[in-house]
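Asker: Encoded as structure tokens, here's the structure I'll be asking about.
Read-outs throughout are calculated quantities, based only on the coordinates presented, and are distinct from any laboratory measurement. All of these numbers come straight from a predicted model, not from anything done at the bench.
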Amino acid sequence: MTTTSSPAGSRPAPAPRDPSSPSLLQRLRRPDVRYLPVAGTLATLVALLVVGQVRYSTARQDFVSMKLISNLLIDNSFLLVLAVGMTFVVLAGGIDLSVGAVVALVGLTVAQLSIAGWPTPVVLVVGVLVGTACGTVIGVLVQHFDVQPFIASLAVLFLARGAATVIGTRSLPIDDPGFSAIASWSLRFGEGRTSWRLNASIFIALGVLAVAYLVLHHTRFGRTVYGLGAADRGHAVGLMGLRAERTRVLVYVISGTCAGIAGLLFAFYTKSGYNLTGVGMELDAIAAVVIGGTLLTGGYGYVLGTGAGVLVYGLIQVLNAREGLDSWWTRVAIGGVLLAFVVLQRVISLKKGPGAAPART
Amino acid sequence: MSAVQTSVRRATGHALFWPTTALVVLLVACSVASPGFLDVSVRDGALVGQPVDLLRNSVTPLLLALGMCLVIATGGIDLSVGAVMAISLAVSLTYLDGAADASDPATVVTAVVLGLVLGLAVGAFNGMLVTLLGVQPFIATMILMVAGRGIAMLITEGQITTVTSPPFKALGAGSLLGLPQAVVIGAVVFVVVALVVRRTALGMLLESIGVNRESARLSGVRARSTTWTVYVLAGVLAALAGIVYGAPTMAADANNIGLFFELNAIVVVVLGGTKLDGGRFYLSGLVVGALLLTTIERAVIIFQLPSTTTNLFKAAVLIAICIAASPRARSWVQRRRSTRPEPAPSSAPAKDPSAKELTA
């Protein structure tokens, strides 16, 4: 417990261990409280897989298979990208409620531009840049105009949703050949019933996750992001000479850009743009981040945990569908899991002492 | 300093100056664009006309904003109000649907009470998360924003429940003493809440919690129970808003009732001059804010703009107000003010433009 009592405990495990640090066995016996949320995530994931395996496996086919995993990734690639972007913001002690609306706006922009006959690469780049622009607006409002993150992003939510509604209120199909080619490209493995595939969205999403991991854990920028989320609202980061102001804007730019990429992936997935897509998707992304073990007060968490959180989210949906329950049960279940993890987080931060996490942001 | 200048400064400095001015300008613009906009006539013993419509449509945002404003005053936020509207309407209408005689006044009263009790339960749940567990308010209320619509769908079993019950419909569409019944309900609730908050110490306690929870607690304010009460009140008011909003159509559409209404409520609160950081709040501003919001929605129709632009418009207003209220914007204005009057003392007429500067 020595690591958590110091302010540096809000950082991921420091690379060089001093000789007095506990051995692996000791750490297993008295687990670091920092890993508790992630352990909860993995336990939930395993529990869901076991339930699925026991209930839905047939003689011919196991529930847990590469097919399940590839389907989970294909169905949730956009959510993974959203959640990765959200992880940056949440680690820095902020929140971005606009991402669902940005997904809708990007989808409609892409659909409209490809109908107008723009070349596919340009359309894709413009799509991502729309997301970047939305994120930049939030970042500037938060950093330079002292607007609370959830208000600034709520305003951009309605701005993006409003702009999407102005572009069109009908679902626009995307039948651009270049676009369809990317959307339907995939690598197929295996034969018959157990065959599974990897498509472009999976590679993009996993690529984003890998880049995010490297940035968060192996760069100065990543350290600054963690530092911004510390209980002192990032003052220490500034005193250490790291560029706090620039980083606080950049986390929202990253989140917006991720929302732009996710918008493209969602457009690949549905091959259309619609102004009411992604209502509540920001909450799914936040849920995935929280389930993945990142503390909503900032400073603690792992982007790979977010990946696990997205899998938990996807599995809840799959189990729900296999049980033949109506789709709104998923919403209730996600709300329930979110509640459980939020409460778990509070219990953990209360244990660490009152100063560990501010009640208000 | 002339007396005129001081009074101009005092008037423009008042929290309600800008919203009221905007409302008047918008109403005048509407009546220019559409002559007869402000006409009110009497038909079947009830007032009819655009202004009456505006009043009636303002009731829902006003009720939501009333709860939201008190929550914001304590430094919190309630994002679940839209979902609460859907839940309460779903409960009331489902009860009416199952009742033997949906037109029986006693049944209707029970249905309304059921809806309100559910709002109370939701508010108590939010308040518990915020006060007992110390979860940040927007996270705590967001859980129900996600799950709430799912719960409403469970209650209506995924259907859009429709019922025929004249007494229930009258809550939203009927009229009382010549005024729409909804307006009477909104006015009574507003006055009662305003009296309770402002004629007792409650309002001051809320502000003290919003300014600094810890110092409020140390000076003997029961911060925890007071905050909890406010979330409960916000839940009940949102439930009432849902019933009043849904009563005219008598259809519980769990997916769409109250969708994005939390934005409306927040916009009304900021339009009314209350800052989102907590602390000071202005209840009278809510009336102006709600009317202004409804008038903006109506103006979009009157000026024949595409109705899809309303949300864009509201978001732009919210961002503009947030920027205007930020410390940086204020320091810009102060710098301009402090540089402007310097040449002023040399000549008397220069005072006039500086007075205008205040209103610009």
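Asker: Report, in degrees rounded to the nearest 10, the 0 to 90 angle that the Cα long axis of helix B:283-302 makes with the longest principal axis of chain B.
Answerer: Helix B:283-302 sits roughly 80 degrees off the main axis of chain B.
Asker: Further question: Between B:I160 and residues 5 or more places away or on another chain, which pairs have amide H atoms under 5 Å apart, with H built 1.01 Å from N, and which residues are they?
Answerer: It is none; the list stays empty.
Asker: Shape call for chain A from the C-alpha gyration tensor, a ≥ b ≥ c root eigenvalues: rounded (a/c under 1.5), prolate (a/b greater than b/c) or oblate?
Answerer: In terms of gyration-tensor shape, oblate.
Asker: Sequence-distant or interchain residues sharing an amide H contact under 5 Å with A:G273, placed H: which?
Answerer: Correct list: A:L172, A:I174.
Asker: Taking only C-alpha pairs under 8 Å that are 6+ residues apart, what is the relative contact order of chain A in percent?
Answerer: In percent, rounded to a whole number, it is 31.
Asker: Once you have the alpha carbon radius of gyration of the protein assembly as shown, what is it after dividing by 2.2 N^0.38 Å, with N set to its residue count?
Answerer: Working it through for the protein assembly as shown, the quotient is 1.00.
Asker: I'd like the Karplus ³J(HN,Hα) series for the stretch B:307-314: coefficients 6.51, -1.76, 1.60, θ = phi - 60°, whole numbers in Hz, and an x wherever there's a Gly or Pro.
Answerer: 5, 5, 7, 4, 5, 4, 4, 5
Asker: For every helix of n ≥ 4 consecutive DSSP H residues, a contribution of -39,500 (n - 2.57) applies; sum these over the protein assembly as shown, divide by its total residues, and give [θ] at 222 nm rounded to the nearest 500 deg cm²/dmol.
Answerer: The helix contribution divided over the protein assembly as shown gives -22500 deg cm²/dmol.
Asker: Now for a separate question. For the stretch B:196-240, count the residues as N, evaluate 2.2 N^0.38 Å, and divide the Cα radius of gyration by that value, please.
Answerer: Rg over 2.2 N^0.38 Å, computed on Cα atoms: 1.19.
Asker: Can you work out the Karplus-derived ³J(HN,Hα) for every residue in the stretch B:172-181? Use 6.51 cos²θ - 1.76 cosθ + 1.60 with θ = phi - 60°, whole Hz, and x for glycine or proline.
Answerer: For the stretch B:172-181, the Karplus curve yields x, 10, x, 10, 9, 6, x, 9, x, 4 Hz.
Asker: Follow-up. Gaussian network model of chain B, Cα springs within a sub-10 Å range: biggest mean-square fluctuation belongs to which of B:N57, B:N255, B:N264?
Answerer: Maximum fluctuation in the GNM of chain B, among the listed residues, is at B:N255.
Asker: So how many Å³ per residue does the convex hull of the Cα atoms of chain B work out to?
Answerer: Roughly 170 Å³ of hull volume per residue.
Asker: Check cross-link reach from B:K169 to the aspartates and glutamates: straight Cα distance under 20 Å, and skip same-chain residues fewer than eight apart.
Answerer: The reachable aspartates and glutamates, counting only those whose Cα sits under 20 Å from B:K169, are B:D44, B:D53, B:D97, B:D101, B:D104, B:D253.
Asker: If you don't mind, another one. Semi-axes of the stretch A:43-171's equivalent ellipsoid from the Cα gyration tensor, sqrt of 5 times each eigenvalue, largest first, rounded to whole Å?
Answerer: Equivalent ellipsoid of the stretch A:43-171: 35, 23, 12 Å, largest first.
Asker: Same structure again: Just how far, in whole angstrom, is the stretch B:4-60 from the stretch A:74-134 if you go by their alpha carbon centroids?
Answerer: One Cα centre to the other: 40 Å.
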